[in-house]
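So the structure is just underneath, and the comments pick up after that.
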Amino acid sequence: MESVITKKGQVVIPAALRRKYGMDSGSKVIWIDTGSVIKLIPISKDPIAALRGCAAGEGLTEKLLQDRREDQSREK
């Protein structure tokens, strides 16, 4: 997909991407300059809901329990 920058420095985000990422009028975005590319990141209206499930399959509960067992063994 391609967009053109206007004289005012504005860019149109293609409709397909706006729909895919739930962006509409008034949505906020973050611009990130990595030094070699510029990234446009949409900010979710509900950041907690957006992060829900992002760590699924990481085994975080087991890691937490293992850390607690190690802490308990050091305290003895």
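Each row is one residue, and each column tells you yes or no for (1) surrounded by 10 or more Cβ atoms within 10 Å (Cβ to Cβ); (2) among the β-branched types (Val, Ile, Thr); (3) modelled with pLDDT of 95 or more; (4) assigned to a helix (DSSP H, G or I).
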site: GLU2; (1), (2), (3), (4): no, no, no, no
site: LYS7; (1), (2), (3), (4): no, no, yes, no
site: MET23; (1), (2), (3), (4): yes, no, no, no
site: SER44; (1), (2), (3), (4): yes, no, no, no
site: ALA50; (1), (2), (3), (4): yes, no, no, yes
site: GLY53; (1), (2), (3), (4): no, no, no, no
site: ALA56; (1), (2), (3), (4): no, no, no, no
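On the given criteria, is LYS63 basic (Lys, Arg), in a helix (DSSP H, G or I), surrounded by 10 or more Cβ atoms within 10 Å (Cβ to Cβ) and modelled with pLDDT of 90 or more? Criteria met by LYS63.
Is the range 30-41 home to any residue that is among the aromatic types (Phe, Trp, Tyr), in contact with a strand residue (DSSP E or B) (Cβ under 8 Å, 6 or more places away or on another chain) and surrounded by 10 or more Cβ atoms within 10 Å (Cβ to Cβ)? Working first, answer last.
Within the range 30-41, the first condition is being among the aromatic types (Phe, Trp, Tyr), and the residues that meet it are 31.
Among the residues that remain, those that are also in contact with a strand residue (DSSP E or B) (Cβ under 8 Å, 6 or more places away or on another chain) are: 31.
In the following step, the residues that additionally are surrounded by 10 or more Cβ atoms within 10 Å (Cβ to Cβ) were identified as none.
So far as the range 30-41 goes, no, none of its residues is among the aromatic types (Phe, Trp, Tyr), in contact with a strand residue (DSSP E or B) (Cβ under 8 Å, 6 or more places away or on another chain) and surrounded by 10 or more Cβ atoms within 10 Å (Cβ to Cβ).
The values are calculated or read from the model by the stated rules, or taken from the named source; none is laboratory data. Computed from a prediction, not measured in an experiment: that's the story for all the values here. Please note: Cβ atoms are built from the backbone with ideal geometry, for glycine as well, and neighbour counts cover all protein chains shown.
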